[in-house]
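A.B. asks: Got a structure for you, questions after.
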Amino acid sequence: MTTVTPAAESTTEATPPPTLPWWAPGETNAFFGLGFNVLVNVLVLTGLVIGVVGISAHDAYHTILPALGVELLVGNVYYTYLARRLARREQRTDVAAMPYGPSVPHMFIVTFVIMLPTYLATKDPVRAWEAGLAWAFVIGLIVLAGAFVGPYVRRWTPRAALLGTLAGISVAFISMRPAGQMWEAAWIALPVMVIILIGFFTNLRLPGNIPVGLAALLVGTAIGWIGGFMSAPDVSAAAKDVAIGLPTLQFHLLFTGLSHIGPLLSTAIPLGIYNFTEGMTNVESAAVAGDSYNLRSVLLADGTGAIVGAALGSPFPPAVYIGHPGWKAAGGRTTYSMASGIVIAVLCFSGMFGLLGALLPIPAIVPILLYIGLLIGAQAFQAVPRAHAAAVMIAIIPNVASWAQGQMANVLSAVGYQNVDFSEHAKLIPPTATSPGTVPESALVNAGVIYRGLMLLGDGAVLAGLILGAIVAFLIDRQFVKAAIYCGAGAVLSFVGLIHGAKVGWNIDGEVALGYLLAAAVCALFALRKVPPREPDPDEHLLAAAEAA
């Protein structure tokens, strides 16, 4: 009989799970950064509904913003729950929650594409508001459907295409407007930008360990007030609008808008697909940063948020934000997003946004958006094989085209010309007091403006960038069958107008669809040669090892 002595017994015990704090040391940095990001977006959308659509300040501050506050509060609490669940499952303390807020591109789309045309046609801001609510509601339904389609799209799409089209959004719609606003008052914005870059890119602590975002805002605000950029009378006027506004159901507005939903579907369907595609690419971006979230859970939250917000009176769909890697790098973990959501919700309920807009200089706030744009653009190239850099670039281009064409359209609209006539014998029709003007495409062409081409390239930009990026990535890898499949998908999507088309329908742009079909035929011919796939570069093995780790 063999006796086992105590020394021979196994003393190994299961490693206890790490303690998951509610507030990590770097959480404050990310809280201030994301909070100011959402703050400036809410200030912008408030200005849009009041200044562009003509909705009363009372309705904006006491109905729309409280509804938005509910969206942000519920969504950010949910994303904190997802982050802590992921951290416990993987026994990690470095998981960062997904950032969440009002969708920036949709803020401008619902204003200028849905509500403003309705207002101009009816001269009734409430009708315009109803149209915006119906549009946001349909967006939410489409995102919910995308929750069950998106995981399969993500599985079969190259990372270069997913991150490339996300980089296109960050360059065109996240970075360009803030950069322009910065240079309108560079003497305020550039010092703020330098503080942000030093704090977030160099990992150097500021004196007194003050949060980077707070320090940047305080410095920018002080420069703005000392330099005479801000106005004390504006603060006094804004203080009069401060009042508690609690969310209430606005079914009567929503149902009235839904009764006239038909004409809005042509934009709601492609933009709903845009929303779930953007959510899909943001989840991929978070996975590259080390946090692999369940895509279906994320999209279900986004879709539900849009539906609940529309029922409460907000025409602005929420979305998981671009920038997870940036906030994680800034020190954000599981709670920063929820904290920012709570603070912004309180500000929405208390009607404080008018006062904050009068107190804080915009050039002191928007540099944080440019930082996010820089980080997401850099990640798109750093997290993919070097050979796929061209695929990233072509995925960026449709979003840049969409932004550029939108700027042209806004300029024309500002001087009264809301229509561009593409017919051969079109003539210039000046605007009148009762109808907008029309510009012939030939006049734009003669001025060197490629308006129609940029419009076609930019319609459905996120999905178009994903398709083009996938085609190029598969071509580079000599996977010609897969490239042909994506060319075929591009043909179908452009034929029905989901990409390269201003509306959904049948044979929206047969020429573009034919181009994709011919490209598919070329890929199929090369597939017949049965050439071996491209050999991975050494950096790809390093990327694979890092992902496995």
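The values are calculated or read from the model by the stated rules, or taken from the named source; none is laboratory data. Note that this is a predicted model, so its numbers are computed, not measured. Glycine gets a Cβ as well: all are built from the backbone with ideal geometry, and neighbour counts include every protein chain shown. Ligands, DNA and RNA are excluded from the accessible area calculation, which covers all protein heavy atoms including side chains. Shrake-Rupley method; radii C 1.70, N 1.55, O 1.52, S 1.80 Å.
Each row is one residue, and each column tells you yes or no for (1) surrounded by 24 or more Cβ atoms within 10 Å (Cβ to Cβ); (2) outside any helix (DSSP H, G or I).
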| position | (1), (2) |
| --- | --- |
| Leu68 | yes, no |
| Val77 | no, no |
| Tyr81 | no, no |
| Ala96 | yes, yes |
| His106 | yes, no |
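A.B. asks: Right, another one. Could you list all residues from segment 313-337 that are more than 30 Å from Ile55 (Cβ to Cβ) and touching a strand residue (DSSP E or B) at 6+ places or on another chain (Cβ under 6 Å)?
C.D. replies: Keep residues of segment 313-337 that are more than 30 Å from Ile55 (Cβ to Cβ), which gives 324-336.
Correct list: empty.
A.B. asks: Is it fair to say Leu514 is at pLDDT 85 or above, within 29 Å of the chain's Cα centre (by Cα) and either more than 30 Å from Leu163 (Cβ to Cβ) or not in a loop (DSSP other than H, G, I, E, B) (or both)?
C.D. replies: On the way: at pLDDT 85 or above: yes; within 29 Å of the chain's Cα centre (by Cα): no; either more than 30 Å from Leu163 (Cβ to Cβ) or not in a loop (DSSP other than H, G, I, E, B) (or both): yes.
For Leu514, the condition - at pLDDT 85 or above, within 29 Å of the chain's Cα centre (by Cα) and either more than 30 Å from Leu163 (Cβ to Cβ) or not in a loop (DSSP other than H, G, I, E, B) (or both) - is not met.
A.B. asks: Please specify each residue of segment 396-421 satisfying the condition of being in a helix (DSSP H, G or I) and touching a Ser or Thr at 6+ places or on another chain (Cβ under 8 Å). Give the derivation first.
C.D. replies: From segment 396-421, those in a helix (DSSP H, G or I) are 396-414; that's our starting set.
Ile396, Pro398, Asn399 - these are the residues of segment 396-421 that are in a helix (DSSP H, G or I) and touching a Ser or Thr at 6+ places or on another chain (Cβ under 8 Å).
A.B. asks: Which of the residues spanning segment 169-192 are open to solvent by less than 10 Å² (accessible area, probe 1.4 Å) and modelled with pLDDT of 90 or more?
C.D. replies: Within segment 169-192, Met182, Ala185, Ile188, Ala189, Val192 qualify.
A.B. asks: Tell me, which helices (runs of 4 or more DSSP H) lie completely within segment 329-371 with 2 or more residues that are open to solvent by 10 Å² or more (accessible area, probe 1.4 Å) and within 10 Å of Phe31 (Cα to Cα)?
C.D. replies: Details: elements: 336-350, 353-359, 362-365.
Helices (runs of 4 or more DSSP H) meeting the threshold: 336-350.
A.B. asks: If you don't mind, another one. Select from segment 193-208 the residues that are open to solvent by 70 Å² or more (accessible area, probe 1.4 Å), closer than 21 Å to Trp183 by Cβ and not β-branched (Val, Ile, Thr) and list them in ascending order.
C.D. replies: Once the filter is applied, which keeps residues that are open to solvent by 70 Å² or more (accessible area, probe 1.4 Å), closer than 21 Å to Trp183 by Cβ and not β-branched (Val, Ile, Thr), segment 193-208 yields only Phe201.
A.B. asks: So Thr118 ticks every box in (1) open to solvent by 50 Å² or more (accessible area, probe 1.4 Å); (2) over 27 Å from Tyr336 (Cβ atoms); (3) without any contact (Cβ under 8 Å) to a residue 40 or more places away in the chain; (4) hydroxyl-bearing (Ser, Thr, Tyr) but one. Which box is left unticked?
C.D. replies: (1)
A.B. asks: Here's another thing I want to ask about it. Regarding Pro151, is this residue closer than 30 Å to Ile394 by Cβ, open to solvent by 10 Å² or more (accessible area, probe 1.4 Å) and either part of a helix (DSSP H, G or I) or at pLDDT 85 or above (or both)? Write out each step before concluding.
C.D. replies: Working: closer than 30 Å to Ile394 by Cβ: yes; open to solvent by 10 Å² or more (accessible area, probe 1.4 Å): yes; either part of a helix (DSSP H, G or I) or at pLDDT 85 or above (or both): yes.
It is true that Pro151 is closer than 30 Å to Ile394 by Cβ, open to solvent by 10 Å² or more (accessible area, probe 1.4 Å) and either part of a helix (DSSP H, G or I) or at pLDDT 85 or above (or both).
A.B. asks: β-branched (Val, Ile, Thr), on the phi < 0 side of the Ramachandran plot and outside any helix (DSSP H, G or I), is that true of Thr165?
C.D. replies: Working: β-branched (Val, Ile, Thr): yes; on the phi < 0 side of the Ramachandran plot: yes; outside any helix (DSSP H, G or I): no.
It is false that Thr165 is β-branched (Val, Ile, Thr), on the phi < 0 side of the Ramachandran plot and outside any helix (DSSP H, G or I).
A.B. asks: On the basis of being under 14 Å from the mean Cα position of the chain (by Cα), touching a residue at least 12 places away in the same chain (Cβ under 8 Å), closer than 30 Å to Thr118 by Cβ and crowded, with 23+ Cβ neighbours inside 10 Å, does Ala319 make the cut?
C.D. replies: Details: under 14 Å from the mean Cα position of the chain (by Cα): yes; touching a residue at least 12 places away in the same chain (Cβ under 8 Å): yes; closer than 30 Å to Thr118 by Cβ: yes; crowded, with 23+ Cβ neighbours inside 10 Å: yes.
Yes: the conditions hold for Ala319.
A.B. asks: Of the conditions (1) assigned to a helix (DSSP H, G or I); (2) open to solvent by less than 50 Å² (accessible area, probe 1.4 Å); (3) within 21 Å of Asn399 (Cβ to Cβ), Leu498 fails just one. Which one is it?
C.D. replies: Unmet for Leu498, out of (1) assigned to a helix (DSSP H, G or I); (2) open to solvent by less than 50 Å² (accessible area, probe 1.4 Å); (3) within 21 Å of Asn399 (Cβ to Cβ): (1).
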